[in-house]
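Each remark here refers to the structure printed beneath this line.
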Amino acid sequence: MKKPKDWGWRRCWRNCSLMTLLILLPLVLEAQSSDYQINYPPEYEPNKSRFFVHNEIIINAPDSVIWKILIDAEAWPKWYTGAKDVKITRPANQSLAENGVFTWNTMNLDFESTIREFKPNERLSWESNRKQIQGYHAWLIIPMGQTCRVITDESQNGWLTFFEKLFQPKKLKRLHDLWLSELKKKAETKQGL
């Protein structure tokens with residue numbers, strides 16, 4: 001029995017799809033490499049935490065410009081409404097640094113936050129602990145030619161997360177969207193864009 005003529009296009013489609021997969025697979029794997037992922041402590045992994053938000057944006061500025069704005073924590077309240085009374089306590093300088101500590105108020109709670117990951121122009125993470133809530137906030141800057149993809153994730157634990165989910169489930173996501181959009185404006189303005 002002869003095969004119908006339409007098998008030719010099916011074979012071509014299958015072969016074309018396979019070639020597309022072979023071409024795209026390295027790009028997908030590169031994008032998922034550990035270089036472009038948040039390094040969570042085990043207790044803050046998103047699938048284990050009680051509350052998690054993910055936000056990202058494309059910023060038309062170099063990673064060094066974004067980084068400089070991000071580590072200037074004491075200036076955050078001037079351009080981001082979600083941060084108040086930011087004070088770097090260790091080391092005693094004006095910018096966040098490796099193993100640094102800062103105090104601040106966000107979402108009407110006072111926190112002392114400790115820098116857990118500090119890789120200039122690339123990664124910044126801190127941990128904030130209170131009796132009722134613990135959080136891990138991470139930033140990832142991924143250069144993409146003349147622009148950068150900026151990711152910020154926050155993972156939380158503690159009994160207060162129950163009320164956060166119940167009464168303000170989207171507040172933190174909205175605040176992080178605002179933080180990213182204001183960071184974008186500031187970074188692109190610094191570039192003269």
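The values are calculated or read from the model by the stated rules, or taken from the named source; none is laboratory data. This structure is a prediction, so every number in the text was calculated from the model and none was measured. As a convention, Cβ positions derive from the backbone with ideal geometry for all residues, glycine included, and neighbour counts pool all protein chains shown.
In table form, for the structure just shown:
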| read-out | value |
| --- | --- |
| Residue match in region 135-149 (condition: surrounded by fewer than 20 Cβ atoms within 10 Å (Cβ to Cβ) and closer than 24 Å to GLU43 by Cβ) | no |
| Subset tally (residues that are surrounded by fewer than 16 Cβ atoms within 10 Å (Cβ to Cβ) and at pLDDT 95 or above) for region 175-193 | 3 |
| Qualifying residue in region 90-98 (condition: under 18 Å from LEU172 (Cα atoms), among the hydrophobic types (A, V, I, L, M, F, W, C) and in contact with a Phe, Trp or Tyr (Cβ under 9 Å, 6 or more places away or on another chain)) | no |
| Residue within region 116-124 that is within 27 Å of ARG50 (Cα to Cα), surrounded by fewer than 18 Cβ atoms within 10 Å (Cβ to Cβ) and either among the polar types (S, T, N, Q) or in contact with a Pro (Cβ under 6 Å, 6 or more places away or on another chain) (or both) present | no |
| Strands (runs of 3 or more DSSP E) completely within region 76-193 that count 1 or more residues being touching a residue at least 12 places away in the same chain (Cβ under 8 Å) and touching a Cys at 6+ places or on another chain (Cβ under 9 Å) | 134-144 |
